[in-house]
Amino acid sequence: MNFKRLPQICAFLMLGIMAIATASLVVRKSLSASQQGEKQIPIKVVQLPLKDGAFPIEIRCEDARLSAPNKVDGFSCLVINNTSKKISALAAVYSVVIERLTGESQESHLITNDFFVHPDIREARHLKLLPPGESRILQPPGPITFENGTVSSVEVHIDYVEFEDKTSTGPDTNGSKMINSMRDGAARYKAWLVQQYKQNKMEEKTLTPMLENSDIPKELNFNGDPDLIEGARLYRRVMRSVYDTQGAAELRLYLNK
């Protein structure tokens, strides 16, 4: 399956903008759904196979919101952990079917939530694994517009779930690769940052330019891999936030770990 990659597809999702909800919560209908001219279409949800009479990881989705025939403005899904294990990361695929004059086509996108991503990020953002019986909100990072077509349907399914004990479930077409690559990118960027910091005699003034630079150092040899790059950028953004809000002393604590 070929996936269309979206910029920063999971950076904010992993950093806590997904609201915590209880497993019994029914996904709310968005207030924006009543806006004039907006259309809603039901989302088809494909669940993982039943286990002991229940879906191990259940997903419930609100209707997708369209402000134009070719534009999906967004939707929210509630992901519920019905297992006895804590979830450390998960990935879901949403597929959009577009009707064109030449026929139907489908585009698939991957959304990830990684509660484990990197020790420094977990600590700085107070990320917690998803416990049994609890849930999280999963949603795309922003609107998507399709050229020369009309959106006819949207489908969502769980692709990959990683548990605290490193076991997993799901078809895993691409989820584990994206999650692990982002983790690798974050770890490699930290190693580079620490190296640069030490080479500059641990002077605080050397930190700011590094954390402000959005370019990924060429010596990391990411070769354009979008997931490695996003992992590195995620680590940089979080450490920049630590520096801005808590100061250089707090940042040094992370770099010295």
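The values are calculated or read from the model by the stated rules, or taken from the named source; none is laboratory data. Note that this is a predicted model, so its numbers are computed, not measured. We place every Cβ from the backbone using ideal geometry, glycine too, and count neighbours over all the protein chains shown.
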For the stretch 129-144, give me each residue that is modelled with pLDDT of 95 or more and not in a strand (DSSP E or B).
LEU129, PRO131, PRO132, GLY133
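When the stretch 52-75 is examined, which residues are found to be touching a strand residue (DSSP E or B) at 6+ places or on another chain (Cβ under 9 Å) and surrounded by fewer than 20 Cβ atoms within 10 Å (Cβ to Cβ)?
Those that are touching a strand residue (DSSP E or B) at 6+ places or on another chain (Cβ under 9 Å) and surrounded by fewer than 20 Cβ atoms within 10 Å (Cβ to Cβ): PHE55, GLU58, ARG60, ASP63, SER67, ALA68, PRO69, ASN70, LYS71, GLY74.
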Return the pairs, sorted by first residue and then second, in which the second residue is surrounded by 17 or more Cβ atoms within 10 Å (Cβ to Cβ), the first residue lies in the stretch 114-131 and is of a type in the set (D, E, K, R), the beta carbons are less than 6 Å apart, and the residues are 6+ apart or on different chains.
ASP114/MET14; ASP114/ALA89; ASP114/ILE179; ASP120/TYR254; ARG125/LEU15
Only one of ILE179, ILE158, ILE137, ILE111 is of a type in the set (Val, Ile, Thr), under 18 Å from the mean Cα position of the chain (by Cα) and over 24 Å from ASP63 (Cβ atoms). Can you tell me which?
ILE179
Out of (1) at pLDDT below 95; (2) of a type in the set (A, V, I, L, M, F, W, C); (3) within 29 Å of SER152 (Cβ to Cβ), the one ILE20 does not meet is (3)
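So which of GLU162, GLU155 ends up being touching a Lys or Arg at 6+ places or on another chain (Cβ under 9 Å) and on the phi < 0 side of the Ramachandran plot?
GLU155
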With a cut-off of at least 3 residues that are of a type in the set (Ser, Thr, Tyr), name the strands (runs of 3 or more DSSP E) lying wholly within the stretch 46-116.
87-100, 103-114
Report whether or not ARG122 is basic (Lys, Arg), outside any helix (DSSP H, G or I) and assigned by TED's automatic domain parsing to the domain that holds LYS44.
no
Kindly evaluate GLY185 against the criterion of being touching a residue at least 40 places away in the same chain (Cβ under 8 Å) and surrounded by fewer than 17 Cβ atoms within 10 Å (Cβ to Cβ).
no
Regarding ASN148, is this residue in a strand (DSSP E or B) and assigned by TED's automatic domain parsing to the domain that holds TYR94?
no
Restricting attention to the stretch 23-44, which residues are at pLDDT 95 or above, surrounded by fewer than 18 Cβ atoms within 10 Å (Cβ to Cβ) and part of a strand (DSSP E or B)?
GLN40, ILE41, LYS44
Looking for something out of contact with any helix residue (DSSP H, G or I) (no Cβ under 6 Å at 6 or more places or on another chain), of a type in the set (Ser, Thr, Tyr) and either over 16 Å from HIS118 (Cβ atoms) or part of a helix (DSSP H, G or I) (or both) - is there at least one such residue anywhere in the stretch 212-222?
yes
For ASP172, only one of the following conditions fails: (1) on the phi > 0 side of the Ramachandran plot; (2) part of a strand (DSSP E or B). What is its number?
(2)
Only one residue in THR169, THR150, THR102 is among the hydroxyl-bearing types (Ser, Thr, Tyr) and surrounded by 18 or more Cβ atoms within 10 Å (Cβ to Cβ). Which one?
THR169
Answer with yes or no whether PRO69 is over 30 Å from GLY231 (Cβ atoms) and at pLDDT 90 or above.
yes
